[in-house]
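Structure, as structure tokens:
The values are calculated or read from the model by the stated rules, or taken from the named source; none is laboratory data. Remember, predicted model here, so these are calculated numbers, not experimental data. Cβ coordinates were reconstructed from backbone atoms using ideal geometry, including for glycine residues, and neighbour counts include every protein chain displayed.
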Amino acid sequence: MYSLAAWPAGCFAVNTRKGTKMKHELFLLDIDTQLDFFLPQGSRYTPQARTAGKNVRHLFEWAWTSGISVISTLLRVRPSELGLMGTAPFCVEGTEGERKLPGTILPRCIDLGLRNITDLPREIFQTYQQVVFERRLADIFTHAALERLVTEAGPGTFVVCGAGVTKGILQAALGLRHRGLGVVLATDAIVDLEDEFTEMAYRRMEAKGVVFRLTEELTAPKHEQPADRLRTAEAHLQSVGA
């Protein structure tokens, strides 16, 4: 099992208004882990995807065995469009490339589809461990149900993995930080799609308090995590002004 006390700086959201800690939840946020990005035959495959895909699967195994809730997003590109991240078509509806990477669907999973409504099943994470949202746009918060789920989740930390550093991952990370939530980017479970603005995207996330960690650091048992990586939530929040 994971231990929040052993997590790195920047991982926590705190009720600073009352000056007291609240119940803290941990989530895995999976951005577009689809075949077109992660398999060699995919239309937007890059060499880094081989290692990233293995680490994505490792994060999913960790989430499943630790009982961590997972929020997943999928791109659904119309056949007549090119999509958000390149000149070649990818994640086109009805193609093999739009399917999720094997190992990224948990047994208790629900797909809420493209419908941009705020309706959610009651006590959704008591019934399902993974909730999937489909979208057309880069910003995950344009999906009203996802926005509601994150808002109602309360104080929490989101471990982020997936594809598209300058698009979906950047907007998700900044959106979560704007809402006062902790964000940890699993840097070796990410594909940047060789975008020329990747470095700038990392700088923007770091400036907003996003923490960068390797998958092994995040999933290691408490006794294996280096003590010098641990800081209190309050100290970090003060340092970034959250």
In segment 30-52, what residues are buried (at least 24 other Cβ atoms within 10 Å of the Cβ) and within 14 Å of Thr215 (Cβ to Cβ)?
-> Asp30, Thr33, Ala52
Check Thr104 against each of (1) touching a Leu at 6+ places or on another chain (Cβ under 8 Å); (2) of a type in the set (Val, Ile, Thr); (3) surrounded by 20 or more Cβ atoms within 10 Å (Cβ to Cβ) and name the one condition it does not meet.
-> (1)
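Conditions (1) acidic (Asp, Glu); (2) at positive phi; (3) surrounded by fewer than 17 Cβ atoms within 10 Å (Cβ to Cβ); (4) at pLDDT below 95, marked per residue:
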residue	(1), (2), (3), (4)
Ala173	no, no, no, no
Glu194	yes, yes, yes, yes
Tyr202	no, no, no, no
Thr232	no, no, yes, yes
Looking at segment 43-90, which of its residues are modelled with pLDDT under 95, more than 29 Å from Arg148 (Cα to Cα) and either in contact with an Asp or Glu (Cβ under 6 Å, 6 or more places away or on another chain) or part of a helix (DSSP H, G or I) (or both)?
-> Ser43, Arg44, Thr46
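Does Val150 fit the bill of being in contact with an Asp or Glu (Cβ under 6 Å, 6 or more places away or on another chain) and crowded, with 20+ Cβ neighbours inside 10 Å? Break it down into steps so the answer makes sense when it comes.
Numbers: in contact with an Asp or Glu (Cβ under 6 Å, 6 or more places away or on another chain): no; crowded, with 20+ Cβ neighbours inside 10 Å: yes.
Answer is no for this residue.
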Does any residue of segment 15-31 turn out to be in contact with a helix residue (DSSP H, G or I) (Cβ under 7 Å, 6 or more places away or on another chain), at pLDDT 95 or above and over 19 Å from Pro155 (Cα atoms)?
-> yes
The one condition in (1) assigned to a loop (DSSP other than H, G, I, E, B); (2) at pLDDT 95 or above; (3) touching a Ser or Thr at 6+ places or on another chain (Cβ under 6 Å) that Cys11 fails to fulfil = (2)
Inside segment 58-77, the number of residues satisfying the requirement of being of a type in the set (Phe, Trp, Tyr) and surrounded by fewer than 22 Cβ atoms within 10 Å (Cβ to Cβ) is 2
